[in-house]
Amino acid sequence: MRHRHAGKHLSRTSAHRAALRRNLAASLFEHGTISTTREKAKFVKPFAEKLITLAKDGSLHARRRAIALLQDRDICNVENGEPVRETTVIGKLFSEIGPQYQNRNGGYTRIINLPLRRIGDNAQQVLLQLVGELKESSSSKRTRPEKTDATAQDAGSDAPQEEQAQSKEAAAETEE
């Protein structure tokens, strides 16, 4: 019986679990979204949210605590075949992510279920995201096209008769 034994083991040793938690959280902060299994996402979500709460404080003590918990790794991009160091995960956490959630009291991440299942063990796949990372997709949301004169006429709009006549002439010219 597992009475009073909190936490998931994930079939790993304690050192492996700690490394998994650190690596998933660092990847989340680096990329903003990661794809993983549901159990791993549930495992890393509270840890990531605690680190974001530390980053909101922004003090030297909070930064040192975050480094102790997460370790610090470089964020690199490849340019001309050579890796170029941009910043570190802790630097991004404290300079970009922490201030972004300054007015939010928790709930910095979300888990979105994917319809995909992993080949091999059929594990449920999910997306673990930082809330507010989808600003680009919200601006590119599909909008209803504006009604043109032809569609307004079909809808029984009260457009002036001159505009209707002009639209009929334009339609006749395009048909030719």
- [ ] Filter region 110-125 for residues that are assigned to a loop (DSSP other than H, G, I, E, B) and not charged (D, E, K, R) and give the result.
- [x] ILE119, GLY120, ASN122, ALA123
TODO: Find all pairs meeting these conditions: Cβ atoms under 9 angstrom apart; at least six residues apart or on different chains; first residue within region 61-76 and among the acidic types (Asp, Glu); second residue not in a helix (DSSP H, G or I).
DONE: ASP72/THR88; ASP74/PRO83; ASP74/ARG85; ASP74/GLU86; ASP74/THR87; ASP74/THR88
- [ ] Those residues that are more than 16 Å from the chain's Cα centre (by Cα), part of a helix (DSSP H, G or I) and farther than 10 Å from GLY98 by Cα, I need them from region 47-60; list them, please.
- [x] PHE47, LYS50, LEU60
- [ ] Starting from region 2-31, keep only residues that are at pLDDT 95 or above, then list their pairs with residues that are small (Gly, Ala, Ser) and surrounded by 14 or more Cβ atoms within 10 Å (Cβ to Cβ) whose Cβ atoms are within a distance under 7 Å, requiring at least 6 positions of separation or different chains.
- [x] ALA25/ALA48; LEU28/ALA48
- [ ] Answer yes or no as to whether ASN103 is touching a helix residue (DSSP H, G or I) at 6+ places or on another chain (Cβ under 9 Å), modelled with pLDDT of 90 or more and either under 19 Å from THR53 (Cβ atoms) or surrounded by 11 or more Cβ atoms within 10 Å (Cβ to Cβ) (or both).
- [x] no
Task: In region 10-49, the residues that are of a type in the set (Asp, Glu) and loosely packed, with under 15 Cβ neighbours inside 10 Å - done: GLU39
Open item on the list: Being under 25 Å from SER35 (Cα atoms), surrounded by 14 or more Cβ atoms within 10 Å (Cβ to Cβ) and more than 19 Å from the chain's Cα centre (by Cα) is true for just one of ARG110, ARG63, ARG73. Which residue is that?
Closed with: ARG73
Task: Which numbered condition ALA68 fails, given (1) of a type in the set (A, V, I, L, M); (2) surrounded by 14 or more Cβ atoms within 10 Å (Cβ to Cβ); (3) outside any strand (DSSP E or B) - done: (2)
- [ ] Looking at (1) assigned to a loop (DSSP other than H, G, I, E, B); (2) modelled with pLDDT of 95 or more; (3) of a type outside the set (Phe, Trp, Tyr), find the lone condition where ALA41 falls short.
- [x] (1)
TODO: Please determine, by comparing only the residues of region 50-60 that are at negative phi and not aliphatic (A, V, I, L, M), which one is surrounded by the fewest Cβ atoms within 10 Å (Cβ to Cβ).
DONE: SER59
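Residue by residue through region 85-100, note down the ones that are of a type in the set (Val, Ile, Thr) and either part of a helix (DSSP H, G or I) or surrounded by fewer than 10 Cβ atoms within 10 Å (Cβ to Cβ) (or both).
Matches in region 85-100: VAL89, ILE90, ILE97.
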Open item on the list: I'm told SER35 meets every condition in (1) under 23 Å from LEU127 (Cα atoms); (2) free of Cβ contacts under 8 Å to residues at least 60 places away in the same chain; (3) of a type in the set (Ser, Thr, Tyr) except one. Can you identify the failing condition by its number?
Closed with: (2)
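The values are calculated or read from the model by the stated rules, or taken from the named source; none is laboratory data. These numbers come from a predicted model, not from an experiment. Cβ: placed from backbone, ideal geometry, glycine included. Neighbour counts: every protein chain shown.
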